[in-house]
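Novice: First the structure, which I've put down as structure tokens, then a few questions once you've had a look.
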Amino acid sequence: MTDIVNACLTIVKEKIDTSSQDDLFYHNWEHINNVLNSVTEIGDATEGIGAEELEQLQLAAIFHDACFHCSSKKHEASSAAYAEEILTSHGYDHAKLEVVKRLIMATRFKHQPIDLLEKIMIDADLSHLKGNKYLKGAFTNLYYEQKTKRELNPNQWVIECIDFLRQHQYHTEYALMNFGKGKQKNIKRLEELSNLDINKLEDAITSLKKDKIPKEKAQKNKETKEKPDKGVETLFRVTLPNHISLSQIADNKANTIISVNAIIISIVLSTLFPNFSAFQGLFIPASILLSLCVVTIILAMVSTIPRTTHGIMTREDVINKKGNLAFFGNFHRMSQNDFEWGMDEVMKDKNYLYKSLTRDLFFLGKVLHKKYIFLRIAYFAFVLNLIVSIALFVIYLKAGM
């Protein structure tokens, strides 16, 4: 770290040590130090972040909660003003100072980052969400801090944290790859807590660890779970090709009905209308025949129109086990590196793999349903066309006789 960073680190630590409050269980020096370490970790691993940008990030991390003890509401603005006071006294460049202040303000709740530096700052500020000690650390500390400001019980706090973690998204590629899995584990731990009637938060957290399966039994269960289920594999091996075959059958039927109606149209146009004066009475039957033929062709064509989705699955989607990388419509706009990484994640997780195949089967069925609806309407239109046109033709013949 640079001299200015070390100097500010000492100044802010002294300020917090001399004015710390007993009710700041979370927004304290430990949190600031953790954010500083995280911002350095992410910055070092991110392409395009040089020494100057890293210094600005580190200064923002040091100052971002420096004035939380003064007032928790809008403390970012106070911290930015304090950073300006200290850095100006040290002759820090004005343009760099403005960046530091902007990064401090980026830590406001629900702020949307506008550039890479803000993304790094926000991800570092919430890097604790992935920690193995999250439940006994930030989760518990922030609960007691919030409890001093409002009425709050442990069960309510667990629900609030589950909602927050589910809605939260990391922004930088480094955080998505390295923090996402840890965050998902903490969501699962919180979901386990939500099933308990909690009187004391620490006791509930400790009870989660007591329900461990003996090592030998756990290994046996793991081997049983990892053993492929032949029934499940057979199910997918049979049903997926069946749905694809049904889709091909529907397309063939649509092609048949398009061809038949196209032939009828060409015959009517080539034989009847060139001799229109001789067959004026057939104008109405022929017009109806042609119109319904066109409608039938349109319906059949709609049933065969290919459909794809947006074509991008983010790393966050894969980490959260969303989407289906087995279908090209979900990955055709992804980069090769992201796709290969995503497929590795899918193949590592048997449950996610089966879930992807299940989604594939489900959406194949949805597409088939639409195909057969339009195809059914097309066939009804074709039959109705024949009945109406022939009936009108017979009426014309009788009238002519």
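Novice: Scan THR148, THR172 and give me the residue that is surrounded by fewer than 16 Cβ atoms within 10 Å (Cβ to Cβ) and among the β-branched types (Val, Ile, Thr). Lay out the reasoning, then the answer.
Specialist: Details: THR172 fails: surrounded by fewer than 16 Cβ atoms within 10 Å (Cβ to Cβ).
Going through THR148, THR172 in turn, the sole match is THR148.
Novice: Pairs under 9 Å by beta carbon, first residue farther than 14 Å from ALA254 by Cβ in the range 376-388, partner loosely packed, with under 13 Cβ neighbours inside 10 Å and modelled with pLDDT of 85 or more, six or more apart or different chains?
Specialist: Matching pairs, first to second residue: ASN385/SER291.
Novice: Now a separate question. Out of all the residues in the range 240-254, which are in contact (Cβ under 8 Å) with a residue 40 or more places away in the chain and open to solvent by less than 80 Å² (accessible area, probe 1.4 Å)? Walk me through it before giving the result.
Specialist: In the first step, residues of the range 240-254 are kept if they are in contact (Cβ under 8 Å) with a residue 40 or more places away in the chain; the result is 240, 243-244, 246-247, 250-251, 253-254.
Of everything in the range 240-254, those that are in contact (Cβ under 8 Å) with a residue 40 or more places away in the chain and open to solvent by less than 80 Å² (accessible area, probe 1.4 Å) turn out to be LEU240, HIS243, LEU246, SER247, ALA250, ASP251, ALA254.
Novice: Tell me the residue from LYS74, LYS96, LYS110 that is of a type in the set (Lys, Arg) and more than 18 Å from ILE122 (Cα to Cα), please.
Specialist: Values: LYS74 fails: more than 18 Å from ILE122 (Cα to Cα); LYS110 fails: more than 18 Å from ILE122 (Cα to Cα).
Of the residues listed, the single one that is of a type in the set (Lys, Arg) and more than 18 Å from ILE122 (Cα to Cα) is LYS96.
Novice: Could you please find all residues in the range 203-231 being modelled with pLDDT of 75 or more and surrounded by 12 or more Cβ atoms within 10 Å (Cβ to Cβ)?
Specialist: Going residue by residue through the range 203-231, those that are modelled with pLDDT of 75 or more are 203-206.
If the condition is that a residue be modelled with pLDDT of 75 or more and surrounded by 12 or more Cβ atoms within 10 Å (Cβ to Cβ), then ALA204, ILE205, THR206 are the ones that fit.
Novice: Shifting gears a bit: Every residue in the range 1-19 that is in contact with a Leu (Cβ under 8 Å, 6 or more places away or on another chain) and in a helix (DSSP H, G or I), please. Reasoning before the result, please.
Specialist: Within the range 1-19, the first condition is being in contact with a Leu (Cβ under 8 Å, 6 or more places away or on another chain), and the residues that meet it are 1, 4-5, 8-9.
Answer for the range 1-19, where residues must be in contact with a Leu (Cβ under 8 Å, 6 or more places away or on another chain) and in a helix (DSSP H, G or I): ILE4, VAL5, CYS8, LEU9.
Novice: Could you check LEU325 against (1) out of contact with any Lys or Arg (no Cβ under 7 Å at 6 or more places or on another chain); (2) part of a loop (DSSP other than H, G, I, E, B); (3) open to solvent by 30 Å² or more (accessible area, probe 1.4 Å) and say which number it fails?
Specialist: (3)
Novice: Of the residues LEU142, LEU190, which is part of a helix (DSSP H, G or I), within 24 Å of ILE32 (Cα to Cα) and modelled with pLDDT of 85 or more? Give the steps one after another, and end with the answer.
Specialist: Values: LEU190 fails: within 24 Å of ILE32 (Cα to Cα).
Testing whether each residue is part of a helix (DSSP H, G or I), within 24 Å of ILE32 (Cα to Cα) and modelled with pLDDT of 85 or more leaves just LEU142.
Novice: Going by the structure shown, is ILE377 open to solvent by less than 90 Å² (accessible area, probe 1.4 Å) and either part of a helix (DSSP H, G or I) or of a type in the set (Phe, Trp, Tyr) (or both)?
Specialist: Yes, satisfied.
Novice: When you go through (1) assigned to a loop (DSSP other than H, G, I, E, B); (2) within 18 Å of ASN37 (Cα to Cα); (3) out of contact with any Lys or Arg (no Cβ under 8 Å at 6 or more places or on another chain); (4) not polar (S, T, N, Q) one by one for HIS171, which number turns out not to apply?
Specialist: (3)
Novice: I'd like the full set of residues that are open to solvent by 70 Å² or more (accessible area, probe 1.4 Å), part of a helix (DSSP H, G or I) and charged (D, E, K, R), limited to the range 79-110. Reasoning before the result, please.
Specialist: Going residue by residue through the range 79-110, those that are open to solvent by 70 Å² or more (accessible area, probe 1.4 Å) are 85, 88-90, 93-94, 98, 102, 108-110.
Retained after the next criterion (residues that are part of a helix (DSSP H, G or I)): 85, 88-89, 94, 98, 102.
Result: GLU85, GLU98, ARG102.
Novice: Hey, LYS370 hits all of (1) loosely packed, with under 14 Cβ neighbours inside 10 Å; (2) touching a residue at least 60 places away in the same chain (Cβ under 8 Å); (3) basic (Lys, Arg) but one; which does it fall short on?
Specialist: (1)
Novice: Let me ask another. Taking only the range 387-401 into account, find how many residues are surrounded by 13 or more Cβ atoms within 10 Å (Cβ to Cβ) and not small (Gly, Ala, Ser). Give the steps one after another, and end with the answer.
Specialist: So the first thing to find is which residues in the range 387-401 are surrounded by 13 or more Cβ atoms within 10 Å (Cβ to Cβ), and the list is 388-389, 392-393, 395-396.
With not small (Gly, Ala, Ser) added as a condition, the list becomes 388, 392-393, 395-396.
Residues flagged as surrounded by 13 or more Cβ atoms within 10 Å (Cβ to Cβ) and not small (Gly, Ala, Ser) within the range 387-401 amount to 5.
Novice: Still on this structure, please answer the following. So which residues in the range 255-266 are open to solvent by 50 Å² or more (accessible area, probe 1.4 Å) and either at positive phi or of a type in the set (A, V, I, L, M) (or both), if there are any at all?
Specialist: From the range 255-266, those open to solvent by 50 Å² or more (accessible area, probe 1.4 Å) are 255-256, 259-260, 263, 266; that's our starting set.
Residues satisfying the conditions are VAL260, ILE263.
Novice: Additional query: Within the range 353-367, does at least one residue satisfy the condition of being over 22 Å from MET301 (Cα atoms), outside any helix (DSSP H, G or I) and small (Gly, Ala, Ser)?
Specialist: Kept after step one, since they are over 22 Å from MET301 (Cα atoms), are these residues of the range 353-367: 353-362.
In the following step, the residues that additionally are outside any helix (DSSP H, G or I) were identified as none.
Within the range 353-367, not a single residue is over 22 Å from MET301 (Cα atoms), outside any helix (DSSP H, G or I) and small (Gly, Ala, Ser).
Novice: Can you pull out every residue in the range 38-60 that is under 28 Å from the mean Cα position of the chain (by Cα), assigned to a helix (DSSP H, G or I) and of a type outside the set (Asp, Glu)?
Specialist: Let us first name the residues in the range 38-60 that are under 28 Å from the mean Cα position of the chain (by Cα), namely 38-49, 57.
Next, only the ones that are assigned to a helix (DSSP H, G or I) stay: 38-45, 57.
The answer is SER38, VAL39, THR40, ILE42, GLY43, ALA45, LEU57.
Novice: State the number of residues belonging to the range 151-166 that are in a loop (DSSP other than H, G, I, E, B) and either crowded, with 18+ Cβ neighbours inside 10 Å or touching a residue at least 60 places away in the same chain (Cβ under 8 Å) (or both). Before you say what the answer is, go through the steps one by one.
Specialist: So the first thing to find is which residues in the range 151-166 are in a loop (DSSP other than H, G, I, E, B), and the list is 151-153.
Adding the requirement that they be either crowded, with 18+ Cβ neighbours inside 10 Å or touching a residue at least 60 places away in the same chain (Cβ under 8 Å) (or both) leaves none.
Matching residues across the range 151-166 total 0.
Novice: If you don't mind, there's one more thing I want to ask. Inspect all residues belonging to the range 288-303 and state whether any of them is free of Cβ contacts under 8 Å to residues at least 60 places away in the same chain, closer than 30 Å to GLY182 by Cα and open to solvent by less than 60 Å² (accessible area, probe 1.4 Å).
Specialist: Checking the range 288-303: not a single residue is free of Cβ contacts under 8 Å to residues at least 60 places away in the same chain, closer than 30 Å to GLY182 by Cα and open to solvent by less than 60 Å² (accessible area, probe 1.4 Å).
Novice: Can you tell me which residue is nearest to TYR143 (Cα to Cα) among those in the range 14-39 that are open to solvent by 30 Å² or more (accessible area, probe 1.4 Å) and in contact with a helix residue (DSSP H, G or I) (Cβ under 6 Å, 6 or more places away or on another chain)? Before you say what the answer is, go through the steps one by one.
Specialist: As a first pass, look at the range 14-39 and keep what is open to solvent by 30 Å² or more (accessible area, probe 1.4 Å): 14-15, 17-23, 25, 27-30, 33-34, 37.
Okay, now just the ones that are also in contact with a helix residue (DSSP H, G or I) (Cβ under 6 Å, 6 or more places away or on another chain), so 25, 29.
Numbers: PHE25: 9, TRP29: 17 Å.
Of everything passing the filter in the range 14-39, PHE25 is nearest to TYR143 (Cα to Cα).
Novice: Of the numbered conditions (1) touching a Ser or Thr at 6+ places or on another chain (Cβ under 6 Å); (2) at pLDDT 80 or above, GLY329 satisfies every one except a single condition; which is it?
Specialist: (2)
The values are calculated or read from the model by the stated rules, or taken from the named source; none is laboratory data. The model shown is predicted, which means the values in this text are computed figures rather than measured ones. A quick note on method: Cβ atoms are made from the backbone with ideal geometry, for glycine too, and the neighbour counts reach across all protein chains shown. Protein only, heavy atoms only, side chains kept; ligands, DNA and RNA dropped before computing areas. Shrake-Rupley method; radii C 1.70, N 1.55, O 1.52, S 1.80 Å.
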